[in-house]
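Asker: Here you go, one structure.
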Amino acid sequence: MATFRFEKLSARQNLVFTWWRREDFKNLDGIICDGSIRSGKTLPMAVSFILWAFDTFDGEAFGLCGKTVGAFRRNVLKKYIKPILPSLGYEISERMNENALVIRHAGRSNTFYIFGGRDERAQDSVQGATLAGALFDEVALMPESFVNQVLARCSVAGSKFWFNCNPEYPAHWFRQEWILRYKEKNILYLHFTMDDNLSLSKDVRERYKRLYTGVFYKRFILGLWTAATGVIYQQIADDTEHYLIDDLPQIWHCTIGVDFGGTKSAHAFVCTGFTAGYKNIVVLDEYYHDNVKEGRLSPAQLEQAFVEFVTRVRSKYRIVGIYADSAEQTLIEGLQMALIRARIPIEVHNAQKRPINERIAFYNSIISQDRFRINRKCKAVISALQEAVYADKNDERLDNGTTNIDSLDALEYSTERMQDAILQVV
């Protein structure tokens, strides 16, 4: 079998591949790699974790941790581990029912369990495991309780921890507990920038720099743990007119996002359209009912308003999905039954409800790329984007009733399932 050859490794990448063998680092308990996107962290971390495991152990179990099992499979297993390790003489077999990999090399065999760390409940999946080490990909997106549970299971003598992430806000638990205390934790800390990824051409680097502005440029491009303050969508706030259109483009298909309002908020429906190949994203239509100013709607009134909105959108565009706030299952069931009674064959799905900052980063990116437009008639969405600001701490979006969060949520629900596909179009 042909051997995979790594070329153009930077000094930091090379250190990731060799640190546990070097006299000055081999007694450390782990490694942290943080920094900008596309800086070449993930490949050496993923592959060298396996190399270290086989250098050190035989017949042990290890943890492979991502934000979700699916994310780890897509971003690490499929891109790096499966293509590269077989070319180095490693044999990989999967036990899908256990989310496990059995890897064999040079007479040794070790098992690697894939864990997802989306929320606090994720720690339950790790209980009972005995591990000889763990790799955390995008650790800053995981709750501290999950990470601590995995670390507690690393009880085999000689076990080590491998952490990889992009920066978040300065008060983030991982920065406070691990990066600022890496010496105390007996950890090797390496900070990466795009200059560490020697395979990137100058044109590609410049393209990535165009993807983000503001706080996300500082984090994703400069690799800084920077606080988010002030206006969230600065470009829209500064030059709203640039993003408004009267003549709508040819729409490939559209989706609808639904957010339900309480006594002090609003019901919001937002229809978002996509041009061919997800090239551009356009807010096509909206519904907004302020429960404070206009009075609360009964469930029947809400259902009628929803059917009328869907009917209006459907008369112009092809709807491929409706995504509603999953916290309100009774209201979702009511909307679904209303569509059935109206003989509209479209299913109402639960919104994914990705972390708010992921959704904010997505919209900042497509705005920065000039791929986002809003129908001038969508006044609620326009004002919501103009007025959105950060709260004073921990990267939170201000949600105290002074700004229109409901239209933002509905807008984000309409696109969050396609975020990754949309961002790949550059």
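Asker: Hey, can you tell me all the residues within the stretch 253-274 that are without any contact (Cβ under 8 Å) to a residue 60 or more places away in the chain and either among the hydrophobic types (A, V, I, L, M, F, W, C) or surrounded by fewer than 18 Cβ atoms within 10 Å (Cβ to Cβ) (or both)? Can you show your working first?
Answerer: Filtering the stretch 253-274 for residues without any contact (Cβ under 8 Å) to a residue 60 or more places away in the chain gives 262-263, 273.
The answer is G262, T263.
Asker: Do we have any residue at all in the stretch 401-414 that's surrounded by fewer than 18 Cβ atoms within 10 Å (Cβ to Cβ), over 21 Å from R318 (Cα atoms) and more than 23 Å from the chain's Cα centre (by Cα)?
Answerer: First, the residues of the stretch 401-414 that are surrounded by fewer than 18 Cβ atoms within 10 Å (Cβ to Cβ): 401-402.
Then keep just the ones that are over 21 Å from R318 (Cα atoms); that gives 401-402.
Now drop any that are not more than 23 Å from the chain's Cα centre (by Cα), which leaves 401-402.
Yes.
Asker: Out of curiosity, is K353 closer than 29 Å to F174 by Cβ, basic (K, R) and not in a helix (DSSP H, G or I)?
Answerer: Numbers: closer than 29 Å to F174 by Cβ: yes; basic (K, R): yes; not in a helix (DSSP H, G or I): yes.
Criteria met by K353.
Asker: Ok, one more. Take the stretch 74-90 and flag every residue that is of a type in the set (S, T, Y) and out of contact with any Lys or Arg (no Cβ under 8 Å at 6 or more places or on another chain).
Answerer: The answer is Y80, S87.
Asker: Can I ask one more? Within the stretch 356-374, restricting attention to residues that are out of contact with any Lys or Arg (no Cβ under 9 Å at 6 or more places or on another chain) and among the aromatic types (F, W, Y), which residue is farthest from C271 (Cα to Cα)?
Answerer: Step by step, filter the stretch 356-374, then rank; the result is Y363.
Asker: Look through the stretch 62-85, keep the residues that are more than 15 Å from the chain's Cα centre (by Cα) and buried (at least 19 other Cβ atoms within 10 Å of the Cβ), and return whichever of them is farthest from E358 (Cα to Cα).
Answerer: We begin by selecting, within the stretch 62-85, every residue more than 15 Å from the chain's Cα centre (by Cα); these are 62-64, 77-85.
Now restrict to residues that are buried (at least 19 other Cβ atoms within 10 Å of the Cβ): 62-64, 77, 81, 85.
Working: F62: 29, G63: 25, L64: 22, L77: 22, I81: 26, L85: 31 Å.
Residue satisfying both the conditions and the ranking: L85.
Asker: Give the number of residues within the stretch 184-210 that are in a loop (DSSP other than H, G, I, E, B), basic (K, R) and out of contact with any strand residue (DSSP E or B) (no Cβ under 9 Å at 6 or more places or on another chain).
Answerer: First pass over the stretch 184-210, keeping only residues in a loop (DSSP other than H, G, I, E, B): 184-186, 193, 198-201, 210.
With the extra rule that they be basic (K, R), the set shrinks to 185, 210.
From the residues that got through so far, the ones that are out of contact with any strand residue (DSSP E or B) (no Cβ under 9 Å at 6 or more places or on another chain) too are 210.
Total satisfying the criteria: 1.
Asker: With the requirement that a residue be farther than 23 Å from P44 by Cβ and either among the aliphatic types (A, V, I, L, M) or in a strand (DSSP E or B) (or both), what does the stretch 117-143 give you?
Answerer: Taking the stretch 117-143 and keeping what is farther than 23 Å from P44 by Cβ, we get 118-130, 143.
Within the stretch 117-143, A122, V126, A129 qualify.
Asker: Considering the stretch 93-108 alone, what residues qualify as being over 20 Å from R74 (Cβ atoms) and surrounded by 14 or more Cβ atoms within 10 Å (Cβ to Cβ)? Let's see the steps before the verdict.
Answerer: Step one: of the stretch 93-108, the residues over 20 Å from R74 (Cβ atoms) are 102, 104-108.
Hits for the stretch 93-108 are V102, R104, H105, R108.
Asker: Residues of the stretch 350-367 being surrounded by fewer than 19 Cβ atoms within 10 Å (Cβ to Cβ) and modelled with pLDDT of 95 or more, which ones?
Answerer: Of everything in the stretch 350-367, just one residue is surrounded by fewer than 19 Cβ atoms within 10 Å (Cβ to Cβ) and modelled with pLDDT of 95 or more, namely N350.
The values are calculated or read from the model by the stated rules, or taken from the named source; none is laboratory data. Computed from a prediction, not measured in an experiment: that's the story for all the values here. Ideal geometry is used to build each Cβ from the backbone, glycine not excepted, and the neighbour counts take in all protein chains shown.
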